[in-house]
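Here is the structure we will look at.
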Amino acid sequence: MAPRANWKGYLKIAELTCPVALFTAASTSDRIAFHTINRATGHRVHRQFVDVDTGKPVEKDDQVKGYEVGRGDYVMLEPEEVASVVPESDKKLDVSAFIPFAEIDDVYFDKPYYLAPSDKTATEAFILIREGMRKKKVAAIAQAVLFRRVRTLLIRADGDGLIANTLNFDYEVRSAKEAFDGVPEMKTKDEMLDLARHIIETKKGSFDPSAYEDRYEAALAELVKAKLEGRKIEVRKAPRREKVVDLMAALRESAGLGGKKTATKTAASKSAKPAVSKSAKPAAPRRKAS
């Protein structure tokens, strides 16, 4: 069955337009989902909105949106008032600029979508846009009304089609300075850097998404299966966390060197030892002064 498009419209670049459709590229719909059940009856339960002061249920027709301007003080907005500020969609992905893909910090990436021609008449224009972007190694910045909001998208060539990532707004991305403010400046020892480089070199590989399993999802599936089959469920204890006491020892262990020092350091330490003759006698101990 062909996937269902999330949105249909036109990709517009200056005077060139191309009918396109957006398809979800990543979804959580296949994850195991649970319902909340009444343990006593085995029946499903549903959520109900209640007044926090009176404790009485509030019917749907009496529920309105509210913005808190002070403690317990709200500006109430009617559904039609909220609807009046939703931007009107013109069904256009309007490209404003082409930029090098590397210029976009991926912290701004939100959700990925596949962008494809929506009908056969659009194929020629679609391929022209895709190949032009691929050859110039650029991505397109476009805006469109998606899901009741004006969204900015980054569009890039990928395989036979285009990938469109919705981008987070600037006010949604938190400053990195706040997260890293407590990290002090520190000079790293050369030996530590050499070991770190060695570990990285031995762990080099390529990204294969099929190699990474969602262990929690697999464990949930096994748990449900065990329950259905009437098997005993073993509840395991949380593993104890190991504390890294010595960073240098941890690096050597990761590099497969155990407690050994690097060859360079070992050789240097050997050459630094003074030569001692086997025939030489140890010096007599000094007498304590009386």
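No lab work stands behind these numbers, since they all come straight from the coordinates. Only a predicted model underlies this, so the values are computations on that prediction, with no experimental measurement involved. Cβ atoms come from the backbone with ideal geometry, glycine included; neighbour counts cover every protein chain shown.
Stretched out straight at 0.36 nm per residue, the stretch from R148 to L77 would grow longer than its current Cα-Cα span by 23.9 nm.
Mean residue ellipticity at 222 nm, helices only, the chain: -7000 deg cm²/dmol; runs of at least 4 DSSP H residues each add -39,500 (n - 2.57), and the sum is divided by the number of residues.
For segment 130-149, backbone nitrogen atoms closer than 12 Å to the point 7 Å from S96 Cα along Cα-to-C-beta are found at 141-144.
For segment 31-103, relative contact order (Cα pairs under 8 Å, six or more residues apart, normalised by length) works out to 12 percent. Measuring against 27 Å, Cα to Cα, the residue pairs K111/K227; K111/K177; K92/K135; K92/K136; K111/K136 contain K111/K227 as the ones spanning a longer distance.
Each 5 Å bin from zero up to the one holding the largest Cα-Cα distance in segment 73-138 carries the following percent of pairs: 3, 10, 12, 19, 15, 12, 9, 8, 6, 3, 2, 0. Considering only the other residues whose Cβ falls under 13 Å of the Cβ of K8, what net charge follows from Lys and Arg at +1 and Asp and Glu at -1? Combined, the nearby Lys, Arg, Asp and Glu give +1.
Summing Cβ point charges (Lys, Arg +1; Asp, Glu -1) relative to the Cα centre of the chain gives a dipole of roughly 3120 debye. Mind sorting out which of [x] 15.5; [y] 37.2; [z] 22.3 is the real mean projected area of the Cα convex hull in nm² computed from the coordinates? So the calculated entry is the one marked [y]. Summing Lys and Arg as +1 and Asp and Glu as -1 over all other residues whose Cβ lies under 12 Å from the Cβ of L128 gives a net charge of +1.
Electrostatic bookkeeping for M76 treats Lys and Arg as +1 and Asp and Glu as -1; over the other residues with beta carbon under 12 Å from its beta carbon, the sum is -4. A straight chain from V183 to R47 at 0.36 nm per residue would run longer than the Cα-Cα distance by 44.6 nm. Take every Cα pair under 8 Å whose residues are at least 6 apart in sequence, average their separation, divide by the length of segment 10-157, and the relative contact order is 29 percent.
Rounded to the nearest 10 degrees, what's the angle between the helix 215-228 long axis and the longest principal axis of the chain, both from Cα atoms, 0 to 90? Roughly 70 degrees between the two axes. With neighbours defined as other Cβ atoms within 10 Å of a residue's Cβ, the residues S206, S254 order from fewest to most as S206, S254. By how many degrees, 0 to 90 and rounded to 10, does the Cα axis of helix 190-202 deviate from the longest principal axis of the chain? Tilt of helix 190-202: around 60 degrees. Between E59, E191, E217, the Gaussian network model of the chain with springs among Cα atoms under 10 angstrom shows the greatest mean-square fluctuation at E59. Ranked by the mean number of other Cβ atoms within 10 Å per residue, highest first, peptides 20-33, 172-185 order as 20-33, 172-185. Each label was represented as a point 7 Å from its Cα along the Cα-to-Cβ direction; for A249 and T54 these points are 6.7 nm apart. Remark: relative contact order (the chain) = 14 percent; criterion is Cα-Cα distance under 8 angstrom and separation of 6 or more residues. Simple rule: put +1 on each Lys or Arg Cβ and -1 on each Asp or Glu Cβ in segment 116-256, find the dipole, and look at L228, A211, M248; the Cα lying farthest toward the positive end is L228.
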